[in-house]
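Each remark here refers to the structure printed beneath this line.
Rule-based calculations on the coordinates, nothing more; no lab input. Because the structure is predicted, anything quoted here is derived from the model rather than measured. Using ideal geometry, Cβ is built from the backbone for each residue, glycine included, and neighbour counts are taken over all protein chains shown.
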Amino acid sequence: MIRTNVRKCRPAASALAAAALLGALAPALLPAAQAQAAPLGRACLFQDKEGARGAGHVAWAVRDPKDSGHWLWGATEGPANGMYIPAGSPNGSWIKGGTWKQLRGSISLARYDNYRCINTAGGNLAAAQQTYGRMKANGYAVLTNNCLTKSLEIFRSYSPALTGSSLPDGRTTPNHYFEVSLNSARGWEASRSY
């Protein structure tokens, strides 16, 4: 029989050693565990390339971070023939809610060509709905208060994490924003066919 000189650890000493080891590892492990547990929001922008006489048109969608199966989506259609609608007058804004499958099957979104999305650290559907209500009532101006600028305001209220680096200013055409501005913005997925 070969004997080794093995020291038995006392239970208190081994418990202390384990706690020290776990304590040293905990800071590295906690952020990953917290990130997995954090509610994940998602915002999507839909593009109609031919809308607004070729300048493009967009619609928006946001996911409930507390129920990943529930979405809100909508758009502002603007005036049929014209460039301005005064505040308080109907500006063609609409909103719907349901599952991603319902969103995809929505007749209102049937004309859209592409979409792209971004994940957010969270999201607030109530804030998005409140902003939609303000956008629905604040008129329409083709260059400064349109389908794109209203979508961006809804995104910003939904998730304050969507700042200038991930949500650039919308002072451009919807097509340029969707195809160029979002290509250099942080976090946006590549465009997908709708």
Item to complete: Go through region 147-186 and give me each residue that's of a type in the set (Asp, Glu) and surrounded by fewer than 16 Cβ atoms within 10 Å (Cβ to Cβ).
Response: Asp169
Item to complete: Look through region 73-101, keep the residues that are in contact (Cβ under 8 Å) with a residue 12 or more places away in the chain and either of a type in the set (S, T, N, Q) or in contact with an Asp or Glu (Cβ under 8 Å, 6 or more places away or on another chain) (or both), and return whichever of them is farthest from Cys44 (Cα to Cα).
Response: Ser89
Worksheet item: How many residues are hydrophobic (A, V, I, L, M, F, W, C) and over 30 Å from Asp64 (Cβ atoms) when one looks only at region 86-98?
Response: 0
Practice prompt. Would you be able to tell me the number of residues in region 126-139 that are touching a residue at least 60 places away in the same chain (Cβ under 8 Å) and out of contact with any helix residue (DSSP H, G or I) (no Cβ under 7 Å at 6 or more places or on another chain)?
Written response: 1
